[in-house]
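Data block below; observations after.
Throughout, read-outs are computed from the coordinates displayed, never taken from laboratory work. This is a predicted model, so every value here is computed, not measured. Because the Cβ atoms are built from the backbone with ideal geometry, glycine has one as well, and the counts that use them run over all protein chains shown.
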Amino acid sequence: AWVLTLAALLETALLVPMVVLGDGGWQQFCTFLATLIVSGWVGSAIVLLVSVVCPAQDLAFAVGSGVVALSLMVCGGYVPFPRIPPHASWLQWPSPAKYTFQALSIAQLEGSRLEPLLDEAALRTPSTVAANIGVLGCVYVVFAVVTMLALARKRERR
């Protein structure tokens, strides 16, 4: 976990000065960092669950790649939520990337001249950074508990 935290700290130290749109203060830096840390936890929990559930490493890699690709496709970053076809729009809700993207977008755009983009791209559900990080935290807990249950059901092999 400390490696992910260190990586998030370095990424934040590089990215925030480059893309700063708000006031650029410590609060914005810490918000960006917290979002990346929790998002990293969620990603690790997903990888751990997939690796525990899948019988082979190749299958786990394929399933994990598919989960990440699908999550990124419906996060609102590539295709804005209003333009996602109705039959696929429900996929945004279980996507962890949606909440990461929204938290980072709100943190960067709120209070700037580009704030209207948040409403145009429908990036305010949940409407605060804290709510998006809270959803990510809940997703992490769910994946961690499911992983523990899956591990408890596995037989030990030697």
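Key figures for this structure:
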quantity	calculated
The chain: most fluctuating residue of 43, 134, 111 per GNM, C-alpha cutoff 10 Å	111
Peptide ranges 34-41, 141-148, 78-85 listed from the most packed, as the mean C-beta count within 10 angstrom indicates	34-41, 141-148, 78-85
